[in-house]
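The values are calculated or read from the model by the stated rules, or taken from the named source; none is laboratory data. Nothing here was measured: the structure is a model prediction, and the numbers come from that model. Note: ideal-geometry Cβ built from the backbone for every residue, glycine included; neighbour counts use all protein chains shown.
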Amino acid sequence: MLIISPQITIPESEFAEQFVRASGPGGQNVNKVSTAVQLRFNVYASPALPWDVRARLIKIAGTRINSAGELMITAQRFRTQAQNRADARERLAELIRAALHAPKPRRKTKPSAGAKRRRVESKQRQGQLKRTRAKNLGGVE
C-alpha cells in the first residue's frame, strides 16, 4: 500500500514492477543482475485518484504516460533492487502529491499608467541617444 495523503492510498495491485538491467557503471555486476525497476501505474483506470487529481497528474507527467494511460517510472540510481524499488515508489508518490494541489488561478493584470509612461520615456531616451551617435561619426556619412 502506497500512502499519498490521509485521503489517498494506492493498493499495490494497482501498480506493476518489473526488474531490468541498469545502464551505466557498475562493473561485471551490471551485466548480470537486474537491479533497475520499471514501475507502471495506470492513471486512467485507478479508482484511488479523484478526477481532478488524475487530470493534473496526466498534465504533470507529460511524456512519461503512454497512450494506454500507464505512467512509467524507471529507477536505477542505486545498486540494489530494494533501494530502486523504494525510489520508484517514492517518485510516484511525489508526482501524485504534486498533482493534489490545484494551481492558483492567474489574474489578468494591466500595467499602470505610470509604468506605461516610464516605458515610453525610456524608449525615447534610448532613441535620442542613438540619434546623437549617428551625427558624431567623425565625418563619415
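For the reader, a short list of remarks on this structure follows.
- The set of residues from the range 46-72 being assigned to a helix (DSSP H, G or I), out of contact with any Leu (no Cβ under 7 Å at 6 or more places or on another chain) and of a type in the set (A, V, I, L, M, F, W, C) comprises W51, A55, I58.
- Candidates R85, R118, R131: the one that is part of a helix (DSSP H, G or I), surrounded by 11 or more Cβ atoms within 10 Å (Cβ to Cβ), without any contact (Cβ under 8 Å) to a residue 24 or more places away in the chain and basic (K, R) is R118.
- Odd one out for A102, checked against (1) assigned to a helix (DSSP H, G or I); (2) in contact (Cβ under 8 Å) with a residue 40 or more places away in the chain: (1)
- Restricting T35, T80 to those that are touching a residue at least 24 places away in the same chain (Cβ under 8 Å), in contact with a helix residue (DSSP H, G or I) (Cβ under 6 Å, 6 or more places away or on another chain) and over 25 Å from Q7 (Cβ atoms) reduces the list to T35.
Rundown of residues vs (1) touching a Gly at 6+ places or on another chain (Cβ under 6 Å); (2) at pLDDT below 85; (3) on the phi < 0 side of the Ramachandran plot, yes/no style:
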site	(1), (2), (3)
V20	no, no, yes
Q28	no, yes, yes
N42	yes, no, yes
T63	no, no, yes
A75	no, no, yes
R89	no, no, yes
